[in-house]
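Here's the structure, in structure tokens; my notes come after.
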């Protein structure tokens, strides 16, 4: 269990480190359109009080968390008209799929995320976009690992698992309420819905059928290990160079 927790933590930290350059570039791109003092009238029709979750799901003693960070962090909104709004305190509720922010001591939620191009939470940039799950079209926030014609995206999901009695005489059941976090990597080509990326050599080649041989040679030359996030970043960046001519 300790090894598993250490693996998850190292994966989260790695994704954060790998994202720093891309997210700094996103901020710099819109620097000339910055509004340094948050004006809620800009997005007044897009906000409301956060959607409430049940008392059970808000259990104070539950293990884990429904948030990316439990505390509030520096945040920026980059709107679809390329206006950048700074001076926000943001908190990402993964469970409710909401970005929360504070205004005049009230906690509000961004309820029309389609109006926003990027949400930058500290040094992590997020995009609200379509994706496929179980053959169903859904929308959610994704952290951007590679931005460009084809995106490499990192998805988080949180489920609430309430404590329960033993299912059998040989099972101890769930001792505590807990939030379970699931993390996956997705590929988004152009305006298509994002799809989960199979982290294997065969899976990567199948994800880029138009350049499969080039991808195969690149993976061999660079000794790509698909289980490593930094190697996935190299592959998607390489593919973007290939298709951009």
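Of 183, 133, the sequence from fewest to most neighbouring Cβ atoms within 10 angstrom is 183, 133. When 175, 158 are arranged by Cβ crowding within 10 Å, least crowded first, meaning fewest neighbours, the order is 175, 158.
Taking the number of Cβ atoms within 10 Å of each Cβ as an exposure proxy, the fewest-first ranking of 177, 106, 70 is 70, 106, 177.
Computed from the coordinates by the stated procedures, all read-outs in this text should not be read as laboratory data. From a predicted model like this one, the values you see are computed outputs, not experimental measurements. Neighbour counts are summed over all protein chains in view; Cβ atoms, including those assigned to glycine, are modelled from backbone coordinates with ideal geometry.
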